[in-house]
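Single-structure report; data block below.
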Amino acid sequence: MSNVEAKQVFNPNKEFAKTARIKNMCEYQALQDEAMEDYEGFWGRYAKEKLDWIEPFTNVLDESNAPFVKWFDGGKLNVSAQCIDRHLESRKNKAAIIFEGDRGDVQTITYLDLFKNVNKFANLLKEDFEVKKGDRVVIYMPMIPEAAYAMLACARIGAIHSIVFGGFSAEALKDRIEDAQAKVVITADGAFRKEKPYMLKPVVDAAIDDNSPVKKVLVVERNNEEVTWTAGRDYSYNELIKSKSSKCEAEVMDAEDPLFLLYTSGSTGKPKGVQHNSAGYILWAQMTMEWVFDVKENDTYWCTADVGWITGHTYIVYGPLAMGATTVMFEGVITHPDAGRPWKMVEEHKINQFYTAPTAIRVLHKMGEHEPAKYDLSSLKVLGTVGEPIDPPAWKWYYEEVGGSKCAIVDTYWQTETGGHVVSPLPGATPIKPGCATLPLPGIIAEILDPASGEVAEVGETGYMCITRPWPAQIRGVWGDEERYVKSYYGDVKKDGKPVYFTGDGARYDEDGYITITGRTDDVINVSGHRMGTAEVEAAIKKHPNVAEVAVVGKPHELKGEGIFAYIVLKSDDGVADEVEEVKTINKIIQREIGNIALCDDMVFAPGLPKTRSGKIMRRILRSIAKGEAITQDISTLEDPSIVEKINTMVNK
Ligand code: WT7
């Protein structure tokens, strides 16, 4: 009999709490009070304690040009040195990265190995590719150690990396290259997936033409499949790296020098280049690793994300390495060869902290309910989730079957823009509730506000999830578009008359003050824990010459969390036979423009779309229809109210 109910509270494991960094709620509250009473004192203390400064900072927080903020001004440091050099004295032979390939090949990279590999890589970029401080480098890589080396090599020489997830198409890659004006792309021939090679280099080839700002491409040879080489542009990493020195002086960087860009979807068709800077980001990456996962010196930690997303940046590479931990990196697919793969890996590598997305938990549960029991999972101490709310059945299975009812589940709420966790349980302190991200982390002033009044929302009322003071790891800007930064994040909610950071998510408090995230309030949907802008998908579909109009909405999906539902109005309505063809064509266009991750789960060819008289598409109605809900909205003001019934019959007949 299960004892997990949605409203139940689970206290931290007492044994675990004894040695946790934050041991109980009193300690949590004391930290949060310290931050509230002396915000700059709190952050200044941690910045001094946690980071190795080449030159100390003179000012903790400069808000004079808010919402453009500066943290730790005057301070100088290098993020790659934070992640590597400072560990060489005590952790030289400790595993920094344990890599497991798709086919089960394992490679252990010590901190000394990491130092050498990153230094060589940095020298290669400097000497052969003329990459300089401030240059943008696009990384389009599979999940192999060289992806981490590439990131850290950029950080070492002060170049700004912009990782593009390997599932994005050539068009999407091209847009991101152009927006960032990158001069170099680092890629691989490909990698392995389900024991078969797959390719990345051809996508890069298709993304670069003569007008591209990219002049050189570095290719890591991973699967040794045949690829096309463009002379004078493409170079083999495996060849060039051989002659490089394993010592490259780390560039002295300002606290506020940019570290990386990461493109994410917003409510328009064009993705935003979220900019993160050096000191504040790495500080919070390290602090949250320590607090939220409570990784200890001899622990082995595994986050299943891809380096192409923010989770991979902060919680596979930067956070774990900044604290000197051992981080596992996995090339393959977690359900291959069967849904026991992750549990086999937990057993073999004696994983202590395991971090994944609810969508993965649902898939693993569905495909291998009893797989966890076949393995020794006793090493596990903390389980994490990220990316979307976790539903009670998935939570229960994760807690009981994977965690043996003894591990805390940290439901970490954050986003690309926050750089690291902002609302999350602390595994040794916070009593947890299934599906609830619980409380703001110490130092984060996260509040649910009523957007109309700017007041803190009442218990049970859905409000806007805001962060009302700047925090060190926050987004510093949208690349090349100051106005979009201000408008996207500081345009909707004011507190005491001052604009505050709005996450785009709705949330509510329960009677204990715990925060439950209710989902996006904008036209962004969350597909398998990845953000997808409906406008982006619409823009792709509109490229089809026979599409007159399109509206894309999210629809609850059993495994993905949300699926993509497209209402399409064709120019010529030739009947069902052609629609089958149109679906194929449209899917091809989506694959070409964005990638497989944006393929629609449903496409409906509608006779028209519900619009107001001023021409605004009523997405709320379309969302209700997609969900099969009764239409409660007032439709009398629509241009053509009858269209609602027509579409509803088509979808829910
Ligand atoms: C959006 C951010 C954060 C890294 C992965 C996704 C949703 C994230 C949770 C959570 C409920 C969550 C929000 C957020 N989200 N974590 N624990 N509970 N929702 O990063 O692509 O920037 O997406 O994911 O809607 O805004 P991202």
Q) If you average 1/r over every pair of different alpha-carbon atoms in the stretch 528-651 and take one over that average, what Kirkwood value in Å do you get? A) 14.9 Å
Q: Provide the net charge surrounding Leu377, with neighbours chosen by a C-beta distance below 11 Å and charges set as Lys +1, Arg +1, Asp -1, Glu -1.
A: +1
Q. In the chain, carbon and sulfur make up what percent of the accessible area (probe 1.4 Å)?
A. 48 percent
Q: With a point put 7 Å past each Cα toward its Cβ, work out how far Glu482 is from Ser572 in nm, to one decimal.
A: 5.1 nm
Q) Here are some pairs, Lys126/Lys247; Lys174/Lys244; Lys215/Lys270; Lys50/Lys133; which of them have Cα atoms lying more than 18 Å apart in this structure? A) Lys174/Lys244; Lys215/Lys270; Lys50/Lys133
Q: List, in the order given, every pair from Lys23/Lys396; Lys23/Lys344; Lys201/Lys588; Lys116/Lys560; Lys272/Lys543 whose Cα-Cα distance in the structure shown is over 29 Å.
A: Lys23/Lys344; Lys116/Lys560
Q. So what are the chain's ellipsoid semi-axes, whole angstrom, largest first, if each one is the square root of 5 times an eigenvalue of the alpha-carbon gyration tensor?
A. 36, 31, 26
Q. Accessible area per residue, 1.4 Å probe, Å², for the stretch 430-539: what's the number?
A. 37 Å²
(Q) Take the residue pairs Lys76/Lys494; Lys366/Lys611; Lys14/Lys350 and return only those whose Cα atoms are more than 28 Å apart. (A) Lys76/Lys494; Lys366/Lys611
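The values are calculated or read from the model by the stated rules, or taken from the named source; none is laboratory data. These figures come from a predicted structure and were not determined experimentally. As a convention, Cβ positions derive from the backbone with ideal geometry for all residues, glycine included, and neighbour counts pool all protein chains shown. Ligands, DNA and RNA are stripped out before the accessible areas are found, and what is left, the full protein with its side chains, is counted by its heavy atoms. Shrake-Rupley method; radii C 1.70, N 1.55, O 1.52, S 1.80 Å.
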